[in-house]
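> Structure below; questions to follow.
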Amino acid sequence: MKSCVRRHLRHTRRQFLVGATSITVATAVNPLVLLPQQTRTHIILLGTKGGPTLATKTGRNNASTLLLINEVPYVIDCGYGVSRQMIAASISLDRLRYIFITHHHSDHNLEYGALLYNAWQASKTQRVDAYGPFGLRRMTRDFFDYMKFDIETRIVDEGVDDPRKLVTVHELNSAGLVMQNQDVKVTSLRVRHPPITQSYAYRFDAKDRSVVISGDTAYAPELGEFAKGADVLIHEAMYLPAIEKLIQQNPGAKRLREHLLASHTSTEDVGRVAAQAGVKTLVLSHLVPGDDPTITDEQWTEGVRRHYRGSIIVGKDLMEI
Ligand SMILES: [Zn+2]
Ligand SMILES: [Zn+2]
């Protein structure tokens, strides 16, 4: 797999060099276009496991993805472990500037508050903008209430800025434009994740690269439409044979099976969406089950391959794409 990733990186670098030529030409015409080194968009998978249970010792971390756009980190989902994984990826927490939550399941938001806290401790002054479905404002307030004693003690004792004033929450009530700055435009699509009605996919259109993150969703052809023309689609994936094995071992898990089938996407259907979108690269992340080491990369990709001919990467924690 390592050589596959290296090959992939070489491939993207080649593509990048081709792109760089045109960007350099554009620079001569438009001085507002930044140099390619500054605009390079990196993807770092911080956690690639789906589901609320904690990773086993050797398993994957809970869901979180980081985009580094013009050197600024954008964190999408805050599964447990996100702060440590950022440090492991050599992204210091004082750089945190943007957080996006796809939906309010714990494998996507359990460390949201703690990440805000850790970033405050690292920088003391950095502003953070947080985007997510309705409920995020209350969750932010509740977290700061939970830590009220510590925060207010430190403000008086250490003379630090109040972290409650450094965080701006933007709640999404519908799909569409989420935010835009000079580096990136972020849009959202409501996806299918019953019983949760507000579950979003995000699309990041940066100058050099477009990246779509599916969030949690059942097979959604509208996501294929939303991701049209993107360079990279990061899609959740469920490996059905392993789910069936799990159910056989635990007959009480019938309800879990129903939930999984109604609200997540099988590897075959991920292939359908990626083919429909026509993306260059598909990354499988939020893998379910995410802590079964017997499932090989070939098994993860064989269903996808039936429909999709582009480059497929089976996500691993701390992989950079
Ligand atoms: Zn999830
Ligand atoms: Zn979910």
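The values are calculated or read from the model by the stated rules, or taken from the named source; none is laboratory data. Treat the numbers as computed from the prediction; the structure is a model and nothing was measured. Don't worry about glycine lacking a Cβ; one is built from the backbone with ideal geometry, like all the others, and counts go over all protein chains shown. Ligands, DNA and RNA are stripped out before the accessible areas are found, and what is left, the full protein with its side chains, is counted by its heavy atoms. Shrake-Rupley method; radii C 1.70, N 1.55, O 1.52, S 1.80 Å.
> Pick out the long, greasy-scoring helices in the chain: whole DSSP H runs spanning 30 Å or more along their own axis by Cα, mean Kyte-Doolittle at least -0.5.
Sorted by number, the helices that extend far enough and score high enough are 2-29.
> Within the range 109-147, which residues have the backbone N less than 20 Å from the label spot 7 Å out from T197 along Cα→beta-carbon, could you tell me?
Residues 132-139 fall inside that zone.
> Sticking with this one: For the full complex of protein chains and a 1.4 angstrom probe, list F134, F204, F226 by accessible area with the highest value first.
Descending accessible area places them as F134, F226, F204.
> Please compute the per residue accessible area over the range 89-209 with all protein chains in place, 1.4 Å probe, rounded to a whole number of Å².
Accessible area per residue: 47 Å².
> Starting from the amide H of Y131, placed 1.01 Å from N in the peptide plane, find each other amide H under 5 Å away whose residue is 5 or more places distant or on another chain.
Under 5 Å from the amide H of Y131 lie the amide H atoms of I99, F100, I101, H170, each far enough along the sequence or on another chain.
> Another question, then. Given a 1.4 angstrom probe, I'd like the percentage of the accessible area of the chain that is carbon and sulfur, rounded to a whole number.
Here it works out to 55 percent.
> Restrict the search to the range 282-313; then list the trypsin sites (Lys or Arg not before Pro) that DSSP places in a loop and that have at most 15 other Cβ atoms within 10 Å of their Cβ.
R306, R309
> Further question on the same structure: Which order do you get for Y146, Y239 if you rank them by accessible area with a 1.4 Å probe, largest at the top?
Putting Y146, Y239 in descending order of accessible area: Y146, Y239.
> If amide hydrogens are placed 1.01 Å from N in the peptide plane, which non-local residues have theirs closer than 5 Å to the one on S210?
D231, V232
> I would also like to ask the following. Using each residue's phi in the range 68-73, evaluate 6.51 cos²θ - 1.76 cosθ + 1.60 at θ = phi - 60° and report the 3J(HN,Hα) Karplus result to the nearest Hz, with x for Gly and Pro.
10, 10, 6, 6, 9, x
> If one computes the Cα centroid of the range 156-177 and of the range 237-295, what distance in Å separates the two points?
35
> Could you state the accessible area per residue of the range 217-321 in Å², with a 1.4 Å probe and every protein chain left in place?
That works out to 43 Å² per residue.
> Right, something else. Given a cut-off of under 8 Å on Cα pairs at least six residues apart, what relative contact order in percent is computed for the range 178-238?
28
> Label the chain by shape, choosing from rounded, prolate and oblate, from the square roots a ≥ b ≥ c of the eigenvalues of the Cα gyration tensor; if a/c is under 1.5 it is rounded, and otherwise prolate applies when a/b is larger than b/c, oblate when it is not.
oblate
> With each pseudo-label sitting 7 Å past Cα toward Cβ, what's the L318-E244 distance in nm, one decimal?
It is 3.6 nm.
> Rounded to the nearest 500, what is the 222 nm mean residue ellipticity of the chain from helices alone, with -39500 (n - 2.57) per DSSP H run of 4+ residues and division by all residues?
After summing the helix terms and dividing by the residues of the chain, the value is -11500 deg cm²/dmol.
> Dividing the Cα radius of gyration by the Kirkwood radius, what Rg/Rh value follows for the range 179-321?
Reported Rg/Rh, Kirkwood definition of Rh: 0.98.
> Oh, and also: Give a residue-ordered list of calculated ³J(HN,Hα) values for the range 127-132 (Karplus: 6.51 cos²θ - 1.76 cosθ + 1.60, θ = phi - 60°; whole Hz; x for Gly, Pro).
Coupling constants for the range 127-132: 7, 10, 9, 10, 10, x Hz.
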